[in-house]
Amino acid sequence: MTPQKNDTWLYEISSEKKAFDLNLKEVWRYRDLLILFVKRDITTVYKQTILGPLWYFIQPLFTSVIFTLVFNNLGSISTGSTPPFLFNLAGITAWNYFTACFTGTSNTFRSNAGIFGKVYFPRVIMPMSVTISNLMKFGIQLLIFIIFYCYYLLQGFQLSPNLHLLLFPIYIVMMALMGLGLGMTISSMTTKYRDLNVLVGFAVSLLMYVSAVPYPLSEARKKLPDYAADLVAYNPLTQIIEGFRYMLLDTGSFSWIGFFYVLFISIALFLLGLVIFNRTEKSFIDTV
């Protein structure tokens with residue numbers, strides 16, 4: 001039965017999309033599904049595990065202890081007047097949110113092929129749900145940081161945030177956009193090149209050491225050759241880690257040029273990932 005000319009359609013599903021089509025109106029229409037995926041991501045991550053959500057606390061604490069022992073005690077890397085453990089915990093807290101967004105969205109098409117092949121909904125909801133659900137993990141780890149921050153204050157350490165703390169929400173958005181953009185790009189590429197999943201884990205491990213997570217940028221400029229120090233300094237993740245420490249601990253460096261540089265890179269990476277994601281979702285089911 002063919003529709004008459006005066007028939008009106010409530011929704012029209014088409015493979016024809018604009019390159020930069022985020023389609024926020026359609027995402028808002030499926031907001032209940034987005035909330036459902038966020039709840040699913042939160043409740044199933046540590047389901048049927050012995051320690052459950054305690055892993056949110058254990059991972060940053062143990063990593064900070066190891067970094068303090070290896071880099072600050074054995075490697076004699078100075079963190080100035082800031083306690084090394086708190087310095088490392090600040091960097092790891094920011095780094096963990098970026099990596100959780102990146103790795104969580106980098107396998108979107110392959111891990112959800114069964115759902116995508118049967119039911120229609122805006123595909124971008126899936127990586128968005130991962131990014132939003134990771135905010136809870138980030139909030140828990142930030143709470144751990146605040147607890148140790150207060151502890152060191154009581155111990156007499158001179159710690160104080162500065163007015164750049166007003167930029168804190170923007171830094172979170174930049175980490176989310178960067179992780180989401182890179183994740184969508186890798187997810188689109190893994191529909192054809194599956195060995196990229198192995199590369200993601202390897203690359204994240206190496207990327208941490210060129211992002212000034214276990215050391216301050218000033219130490220990199222002091223001890224590394226010029227080309228290596230420039231590689232670290234122009235890494236946008238380094239600027240995020242340094243900015244995160246600067247506004248919370250008033251240590252390290254901050255520049256508005258670096259801030260807007262990272263803001264531009266994060267938006268560009270997100271838009272690039274969105275374009276590739278939208279192009280891939282039209283035909284990924286044939287190759288995944």
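Considering (1) of a type in the set (S, T, N, Q); (2) over 22 Å from THR105 (Cβ atoms); (3) under 16 Å from the mean Cα position of the chain (by Cα), the lone condition that SER253 does not fulfil carries the number (3).
Total residues in segment 173-183 satisfying the condition of being touching a Ser or Thr at 6+ places or on another chain (Cβ under 6 Å) and either in a loop (DSSP other than H, G, I, E, B) or open to solvent by less than 10 Å² (accessible area, probe 1.4 Å) (or both): the figure is 3.
Quick check: is even one residue across segment 75-83 of a type outside the set (Val, Ile, Thr), open to solvent by less than 10 Å² (accessible area, probe 1.4 Å) and farther than 16 Å from LEU207 by Cα? Yes, that holds for at least one residue. Considering GLY91, GLY104, the condition of being closer than 26 Å to TYR171 by Cα, outside any loop (DSSP other than H, G, I, E, B) and modelled with pLDDT of 90 or more is satisfied by GLY91 alone.
Within segment 126-148, the set of residues being over 18 Å from MET175 (Cβ atoms) and crowded, with 20+ Cβ neighbours inside 10 Å comprises just one member, MET126. Residue-level check: of (1) under 23 Å from the mean Cα position of the chain (by Cα); (2) touching a residue at least 60 places away in the same chain (Cβ under 8 Å); (3) more than 30 Å from ARG110 (Cα to Cα), MET178 misses just (3).
In segment 192-213, the condition of being in contact with a Cys (Cβ under 9 Å, 6 or more places away or on another chain), open to solvent by less than 70 Å² (accessible area, probe 1.4 Å) and modelled with pLDDT of 90 or more is met by no residue. Look at (1) in contact (Cβ under 8 Å) with a residue 12 or more places away in the chain; (2) part of a helix (DSSP H, G or I) and you find that TYR120 fails only one, number (2).
Looking at the structure I just gave you, is LEU167 more than 14 Å from THR99 (Cβ to Cβ), surrounded by 14 or more Cβ atoms within 10 Å (Cβ to Cβ) and at pLDDT 90 or above? So LEU167 passes the test.
Cβ-Cβ distances below 9 Å connect the following pairs, each with a first residue in segment 195-216 that is touching a residue at least 60 places away in the same chain (Cβ under 8 Å), a second residue that is exposed (fewer than 14 other Cβ atoms within 10 Å of the Cβ) and among the basic types (Lys, Arg), and a separation of six or more residues or different chains: TYR215/LYS223. Figure legend. Inter-residue proximity from segment 241-261: first residues closer than 17 Å to ALA220 by Cα, second residues at pLDDT below 90 and assigned to a helix (DSSP H, G or I), beta-carbon distance below 8 Å, spacing 6+ or different chains. Indicated pairs: GLU242/LEU217; GLY243/HIS164; TYR246/HIS164; GLY252/LEU217; GLY252/SER218; SER253/LEU217; SER253/SER218; PHE254/HIS164.
The values are calculated or read from the model by the stated rules, or taken from the named source; none is laboratory data. Computed from a predicted model, the values in this text were never measured in an experiment. All Cβ positions, glycine included, derive from the backbone under ideal geometry; neighbour counts span all protein chains shown. Quick note on the areas: whole protein, heavy atoms, side chains included, nothing else; ligands and nucleic acids left out. Shrake-Rupley method; radii C 1.70, N 1.55, O 1.52, S 1.80 Å.
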